[in-house]
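Working notes, beginning with the structure itself.
The values are calculated or read from the model by the stated rules, or taken from the named source; none is laboratory data. Computed from a prediction, not measured in an experiment: that's the story for all the values here. Quick reminder, even Gly has a Cβ in these numbers, built from the backbone with ideal geometry, and neighbours come from all protein chains shown. In case anyone asks, the SASA skips ligands and DNA or RNA and just uses the protein heavy atoms, side chains included. Shrake-Rupley method; radii C 1.70, N 1.55, O 1.52, S 1.80 Å.
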Amino acid sequence: MRWKEQLLTLTPYQPGKSIESVKRQYNLEQIIKLASNENPFGCSQAALSALKENSTSLAIYPDGYATILREKLASFLQVGEDEIILGNGSDNLIQMISRALLHPGASTIMSTHTFSQYKHNAVIEGAVIKEVPDIDGEHDLEGFLTAIDDQTNVIWVCSPNNPTGTYIPESKLIPFLDQVPEHILVVLDEAYYEYVVAEDYYDSISLARKYPNLIVLRTFSKVYGLAAVRVGYGIANSSIIKALEPAREPFNLNSLGQLAAAEALSDQEFVEQCKQKNRQGLAQYYEFCENNSLKFYPSQTNFVLIDFQVEANEVFQYLLERGYIVRSGKALGFPTAVRITVGSPEQNEGLIKVLEQFLSEK
Ligand SMILES: *Cc1c(COP(=O)(O)O)cnc(C)c1O
């Protein structure tokens, strides 16, 4: 078969190890997975009850327009219904954007250490990829501007950034947006938006309404704790949305996801509680790092990237054998760091104990 050549150079996405496989391999009773930035507190009870009581027929196709969820989102975000596009997770939106704008004659810009799916999709579309080295875990936006060429169609900005957890302050983002030519789409991926506490963070929704070439991506997979049902959304002016819509699969949002997300949105108290508990969890890790003189990246997310100054896989394996799955920095471009999702207070405490044991054996 005549596959796209670039497809043969790719491997499928490597998710965090599954709990079941680790249990069997190491014969452990309990496994704690702090590898995929999932919410350790689950999801809103209201969303859960809605799913349990749900009367949606499984024989019927989902609402392709996601009417109820769309209405709720529009009113919650104070934007028009035609300024929203829904995705089967924000991964799906990244795919749609790539499909719509990238091709072998186009170039695209991203940071060297950022979410893997921008590059993955750009490779599939055959686009020229320009990766700009980051500066201490942060995007080099000046470098992004310098990388722009006549073929540039999409720029990917991940803030807060995965895997570093760092964010771009408003004072850097605005001058950047001012300088990007209007025919280039800037994608601002805010998967961790709800966790942000930084005071000099920007108001991305009003930016999306001001800049005609900006799309903001958010998701129900992280703080809302609904990763299993796959709901993400994009916010941009209606002409961007209109242009993207044909690249969306007709029924990309399943019925259960629509139902759960609409309920979850109404439960902002749950979101607020998770945000507070997350800051407390981060403080546990910061204290551990400070006590042991380990470098970490200050985080605006629900994970922290810690540099252990040894082979990342060594730390990863040590934790795995003791029942904790984290993410080795090796595949993320940080060969001596480990990315840890903030868990419940007990989970964090347990993991930190094992890390201390690791350090004392070193
Ligand atoms: C988790 C994550 C996503 C994907 O989220 P889904 O909505 O589950 O597809 C997108 N971008 C970043 C930066 C992420 O960390």
Cα gyration tensor shape of region 103-176, rounded if a/c is under 1.5, else prolate or oblate by comparing a/b with b/c: oblate
Inter-part distance where region 179-238 and region 1-39 are each reduced to a Cα centre, Å: 27
Rounded FRET efficiency, nearest 0.05, which uses the C-beta distance separating Val197 from Ile129 and R0 of 30 Å: 0.40
Cα-based Kirkwood hydrodynamic radius, the chain, one decimal, Å: 21.3
Heavy-atom accessible area ranking, 1.4 Å probe, most first, across Arg279, Arg24: Arg24, Arg279
Accessible surface, 1.4 Å probe, highest first, among residues Thr146, Thr152: Thr146, Thr152
Fluctuation leader among Thr56, Thr108, Thr301 - the chain, Gaussian network, Cα springs under 10 angstrom: Thr56
Charge dipole (debye, nearest 20) of region 55-266; +1 at Cβ of Lys and Arg, -1 at Cβ of Asp and Glu: 640
Region 273-321, relative contact order [Cα under 8 Å, separation at least 6], %: 26
Of all accessible heavy-atom area on region 253-337, the percent that carbon and sulfur account for (1.4 Å): 47
Per residue, in Å², the accessible surface of the chain once ligands and nucleic acids are set aside, probe 1.4 Å: 46
Extension gain (nm, one decimal) between Ile184 and Glu53, 0.36 nm per residue minus Cα-Cα: 42.7 nm
Stretch gain in nm, segment Phe358-Gln280, where the contour uses 0.36 nm per residue and the Cα spacing is subtracted: 25.7 nm
Centre separation in Å (Cα based) which lies between region 151-173 and region 45-75: 32
5 Å-binned pair-distance histogram of region 55-266 (Cα, whole percent): 1, 7, 16, 20, 21, 16, 10, 5, 2, 1, 0
Simple Cβ-charge dipole of region 239-362, Lys/Arg +1 and Asp/Glu -1, about Cα centre, in debye nearest 20: 320
Added length on full extension, which subtracts the Cα-Cα distance from 0.36 nm per residue, Gln30 to Ser293: 91.7 nm
Separation of the Gln6 and Ser344 label points, Cα + 7 Å toward Cβ, nm: 4.4
